[in-house]
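The values are calculated or read from the model by the stated rules, or taken from the named source; none is laboratory data. Computed from a prediction, not measured in an experiment: that's the story for all the values here. Ideal geometry is used to build each Cβ from the backbone, glycine not excepted, and the neighbour counts take in all protein chains shown. These accessible areas exclude ligands, DNA and RNA; they are computed on the full protein's heavy atoms, side chains included. Shrake-Rupley method; radii C 1.70, N 1.55, O 1.52, S 1.80 Å.
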Amino acid sequence: FTNGLYIFTEDDVSFLNTTPNDTANSIMKTASMNGCMNYQSVVKHDTFLFFYDNKQKNIYYIQITDTGQTRPTGPVAKEIQSYFQNIKKFKMFSCIYNNRNEIWCIIDEHVLIYDYFRNEWVTRQEQNIETVALINNTVMTGGNLGKVYVENINLDFDGMFFPAVYQTTFINIGSNSNLKKQKTPLLLVVNDNYENDFWVQITANGKEKNP
């Protein structure tokens, strides 16, 4: 990753610019002021290094720019910080396949998936998943019950249906500073062929209204 060695501690990340043939001219510099929980909570994802900082209770990443330089960026997990309290296990897995760009996180008994394209998080209900692997463009998971699961092939998990909820932030009709008056109804569209049941809550001027 960028012709050097990244050294992670609980407090920060250092970059050792060196090669095996030229150790005399090695240079050590700080790459990020955010630390990393352990070796399982860091993952290379395309041109990024994602890692979890247990002291800051958030996920950060180091990015390679177009000029070949590195840049610390983040955080990316403000919406799910409630899962980061008193955790004992944090594993990260990179899954880039077909038209998806995901980072799978196993946090104790929880499974959370970060969609990099949409900048959204998906939280899975508690299921027996301990590890994730990307094999031939297919995400496969496994737990401690002796089973290997193939993900994203049907609407259930091991024969059991789990309902899904998609929750968005408040829709401000395109502006944070100007009041907008809506003249046409909101249209919610789901392109996937799933069994969909929508529940919509509308709040206008601090009061709930019927959709």
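Considering only residues of the range 96-136 that are within 14 Å of TYR149 (Cβ to Cβ) and among the charged types (D, E, K, R), which is farthest from the chain's Cα centre (by Cα)?
This residue is GLU130.
So LEU145 clears everything in (1) assigned to a strand (DSSP E or B); (2) without any contact (Cβ under 8 Å) to a residue 40 or more places away in the chain except one condition, right? Which one?
(1)
Considering (1) in contact with a strand residue (DSSP E or B) (Cβ under 9 Å, 6 or more places away or on another chain); (2) open to solvent by 30 Å² or more (accessible area, probe 1.4 Å), say which one ASP66 fails and leave the rest.
Unmet for ASP66, out of (1) in contact with a strand residue (DSSP E or B) (Cβ under 9 Å, 6 or more places away or on another chain); (2) open to solvent by 30 Å² or more (accessible area, probe 1.4 Å): (1).
Looking only at the range 12-41, filter to residues that are assigned to a loop (DSSP other than H, G, I, E, B) and hydroxyl-bearing (Ser, Thr, Tyr); which one of those is surrounded by the most Cβ atoms within 10 Å (Cβ to Cβ)?
From the range 12-41, those assigned to a loop (DSSP other than H, G, I, E, B) are 12, 18-22, 26, 33-38; that's our starting set.
Narrowing the set further to residues that are hydroxyl-bearing (Ser, Thr, Tyr) leaves 18-19, 26.
Working: THR18: 16, THR19: 11, SER26: 12.
Restricting to residues being assigned to a loop (DSSP other than H, G, I, E, B) and hydroxyl-bearing (Ser, Thr, Tyr), the top hit is THR18.
Taking the criterion of being over 26 Å from ILE106 (Cα atoms) and in contact with a helix residue (DSSP H, G or I) (Cβ under 8 Å, 6 or more places away or on another chain), would at least one residue in the range 37-56 satisfy it? Before the answer, list the steps.
Taking the range 37-56 as the starting set, the residues that turn out to be over 26 Å from ILE106 (Cα atoms) are none.
No, the range 37-56 contains no residue that is over 26 Å from ILE106 (Cα atoms) and in contact with a helix residue (DSSP H, G or I) (Cβ under 8 Å, 6 or more places away or on another chain).
Determine which single condition ILE107 fails, assuming it passes every other condition in (1) surrounded by fewer than 17 Cβ atoms within 10 Å (Cβ to Cβ); (2) over 19 Å from ASN152 (Cα atoms).
Condition not satisfied by ILE107: (1).
Would you point out the residue of the range 122-139, among those that are open to solvent by less than 50 Å² (accessible area, probe 1.4 Å) and modelled with pLDDT of 90 or more, that is farthest from GLN81 (Cα to Cα)?
THR138
Kindly indicate whether any position in the range 50-61 is in a loop (DSSP other than H, G, I, E, B), open to solvent by 40 Å² or more (accessible area, probe 1.4 Å) and either touching a strand residue (DSSP E or B) at 6+ places or on another chain (Cβ under 6 Å) or closer than 17 Å to ASN3 by Cα (or both). Please lay out each step first, then the result.
Start the filter on the range 50-61 by keeping residues that are in a loop (DSSP other than H, G, I, E, B), which leaves 54-57.
Now narrow it down to the ones that are open to solvent by 40 Å² or more (accessible area, probe 1.4 Å): 54-57.
When the remaining residues are screened for being either touching a strand residue (DSSP E or B) at 6+ places or on another chain (Cβ under 6 Å) or closer than 17 Å to ASN3 by Cα (or both), the result is none.
Checked the range 50-61: no residue is in a loop (DSSP other than H, G, I, E, B), open to solvent by 40 Å² or more (accessible area, probe 1.4 Å) and either touching a strand residue (DSSP E or B) at 6+ places or on another chain (Cβ under 6 Å) or closer than 17 Å to ASN3 by Cα (or both).
Considering only the range 149-164, how many residues are of a type outside the set (Gly, Ala, Ser) and either open to solvent by 70 Å² or more (accessible area, probe 1.4 Å) or farther than 15 Å from ILE129 by Cβ (or both)? Write out each step before concluding.
Step one: of the range 149-164, the residues of a type outside the set (Gly, Ala, Ser) are 149-158, 160-163.
Filter again for either open to solvent by 70 Å² or more (accessible area, probe 1.4 Å) or farther than 15 Å from ILE129 by Cβ (or both), leaving 152-155, 158, 160-161, 163.
Matching residues across the range 149-164 total 8.
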